[in-house]
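The values are calculated or read from the model by the stated rules, or taken from the named source; none is laboratory data. Here the structure is a predicted model, which means the values were calculated and not measured. Cβ sites come from the backbone with ideal geometry, for glycine too, and all protein chains shown count toward neighbours. Only protein heavy atoms, including side chains, enter the accessible area calculation; ligands, DNA and RNA are left aside. Shrake-Rupley method; radii C 1.70, N 1.55, O 1.52, S 1.80 Å.
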Amino acid sequence: MVQLVIYAIHCTAMLALIAIAVMQVRHLSLRLSLAQLAALLRLDIAYSWSALITLISGFIIWLTGSELPGNLLSQPLFLAKLILFAGVALVSTYPSMTFLKLKNGALMSRMSISPAVIFVVKLEVAMLSVLMLLALAPRIL
């Protein structure tokens with residue numbers, strides 16, 4: 001029963017990651033207002049918490065699962081999920097750092113943002129969607 005609750009927390013946090021990334025895309029524009037920046041910073045904090053919950057609950061599921069952790073590492077699908085999650089973690093640092101830099105210099109009513117930030121957040125949404133599909137693949141196939 002406990003493992004089912006942890007699995008539900010893991011799936012909910014993963015869905016929250018996707019939802020928050022989509023909300024970030026909706027708030028992004030090349031010229032950000034202070035209100036948009038504040039909303040993006042709040043979303044970024046929620047994104048970080050969701051990622052942490054996903055990581056911790058996934059680690060608990062991995063350690064308490066029916067298979068030995070070493071056996072899971074030999075499965076290509078599981079390795080792909082781990083690598084993709086690490087990739088998302090690395091990619092997501094760029095927008096976070098950009099938002100924090102803008103916050104520190106937020107004296108103007110509108111701030112310019114690089115198109116690369118918007119691209120990276122959209123890339124995060126795509127990578128998270130693929131990650132979710134990889135998680136569902138064993139249940140579908």
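Miscellaneous remarks
- Helix axis angle, 34-64 relative to the chain longest principal axis, alpha carbon, degrees: 10
- The three principal axes of the Cα atoms in segment 1-130 give end-to-end lengths of 55, 28, 21 Å, sorted in falling order.
- In the complete set of protein chains, residue-level accessible area for Phe78 is approximately 40 Å², probe 1.4 angstrom.
- Dividing the summed helix terms, -39500 (n - 2.57) for each DSSP H run of n ≥ 4, by the number of residues in the chain produces a 222 nm estimate of -28000 deg cm²/dmol to the nearest 500.
- Cα-centred dipole magnitude for the chain, charges only on beta-carbon of K, R (+1) and D, E (-1), debye, nearest 20: 500
- Relative to the longest principal axis of the Cα atoms of the chain, the long axis of helix 93-104 lies at roughly 30 degrees.
- Farthest positive-ward along the chain dipole, Cα basis, beta-carbon charges - from Ile9, Thr54, Gln36: Gln36
- Distance between modelled label sites at Leu79 and Leu41, nm, 7 Å Cα→Cβ extension: 4.2
- Of the accessible area of segment 1-79, computed with a 1.4 Å probe over protein heavy atoms only, carbon and sulfur atoms account for 76 percent.
- With all protein chains modelled, accessible area of Leu52 [1.4 Å, Å²]: 80
- For the options Gln36, Gln75, Gln24, a Gaussian network treatment of the chain with springs between C-alpha atoms closer than 10 Å singles out Gln75 as fluctuating the most.
- Heavy-atom surface of the chain, accessible at 1.4 Å and reported per residue (Å²): 60
- Folded to 0 to 90 degrees: helix 2-27 orientation relative to the chain principal axis, Cα: 30
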